[in-house]
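Contents: one structure, followed by commentary.
Derivation of every value follows stated rules applied to the coordinates shown; laboratory data play no part. Treat the numbers as computed from the prediction; the structure is a model and nothing was measured. FYI the Cβ positions are ideal-geometry reconstructions off the backbone, even for glycines, and counts take in every protein chain you see.
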Amino acid sequence: MRLQILGSGAAEAWPGIFCACETCRRARAAGGKNLRSRASVQIDGEWKIDYPPDTYLHLLRYGLDLSRLQHLFITHSHDDHFAWRELAYVRPPFGHDLVHPPLPVYGNATVCNLLKPLVERCQGLLEANQVAPFVPVPAGHLTFTPLLAEHAPPEEALNYLVQEGPRTVLYASDTGLYGPRTMEFLSGRRLDLAIIECTQGALPLPATLHMGWEGVLRLRDDLAAAGSITSDTRMVITHFSHNAAMLHDELEALAGPEGVEVAYDGMELSV
């Protein structure tokens, strides 16, 4: 699998849209990896997790062709992860010649309810598929298994386990520390790559709806104890808020000694 992290920022992006805090000013001045759009990942050009409001920016920046997209998985309905109204543009006169119609969109009940009127208007070009935690979803030659995330109650937010043969990737955004059902499911399932949110950076906040660095280390230890990760597992942190007040090199200085990589917009990963 070839994965590309299209966006590595939290809801407000970084620099924040309306923000003039010191951290956002520093990011604007430094540029490069410090400029973070809203979080999403694409796999082999045909599978995508989340559809943030920066998707068109990603299309232009990385040369994506979403007319060829075959499967779209959504973690939850928050605006920074699901700009659902834009999916209406799959239909004429906005879009023509979709390569693999209908485009299946997978998500929880909230996501599917939002999609219902669009599915009707798009006349066979869009499809809503409600998924359930821990029930595998075949998607071409990949399998996506939704995991129960700790985020956005009462909505059932999801993370995803992505498998291709013996290779397995965990995409964990947005979530706090996993509850017992998700940890029990992951127990003994070996991860080759874990992409884990670190919204709060080094801030000493509880790892409930989001995680910071302390939460990432605790989740790593929990997964190691469960036999899910080893010294060979590649770990990458993503989904950063400007409130963490750490630029990219500062995050690297924090995470590098623990063998954890720091995501940036456009980062490519192979498993």
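At a glance:
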| read-out | value |
| --- | --- |
| Selected from Glu261, Glu150, Glu184 as most flexible by GNM, with the chain as the system and alpha-carbon contacts under 10 Å | Glu184 |
| Gain in span if fully extended, Ser231 to Phe18, counting 0.36 nm per residue against the direct Cα distance | 72.6 nm |
| Helical mean residue ellipticity (222 nm; -39500 (n - 2.57) per DSSP H run of 4+; nearest 500) of the chain | -6500 deg cm²/dmol |
| Cα centroid of region 57-84 to Cα centroid of region 154-168, whole Å | 17 |
| Farthest positive-ward along the chain dipole, Cα basis, beta-carbon charges - from Trp213, Val99, Leu177 | Val99 |
| Which label in (1) 19.5, 61; (2) 17.8, 53; (3) 18.2, 71 gives the computed Rg and Dmax of the Cα atoms in Å | (2) |
| Residues listed by number, region 67-94, amide nitrogen under 16 Å from Arg181 label point at 7 Å toward C-beta | 76 |
| Using a Förster distance of 41 Å, the FRET efficiency for Tyr56-Arg190 (Cβ separation, nearest 0.05) | 0.65 |
| Residue among Ala30, Ala13, Ala39 with the largest mean-square fluctuation in a Gaussian network model of the chain, springs linking Cα atoms under 10 Å | Ala30 |
| In region 22-115, the chymotrypsin sites (Phe, Trp or Tyr not before Pro) that fall in loop regions by DSSP, at most 15 other Cβ within 10 Å | Phe94 |
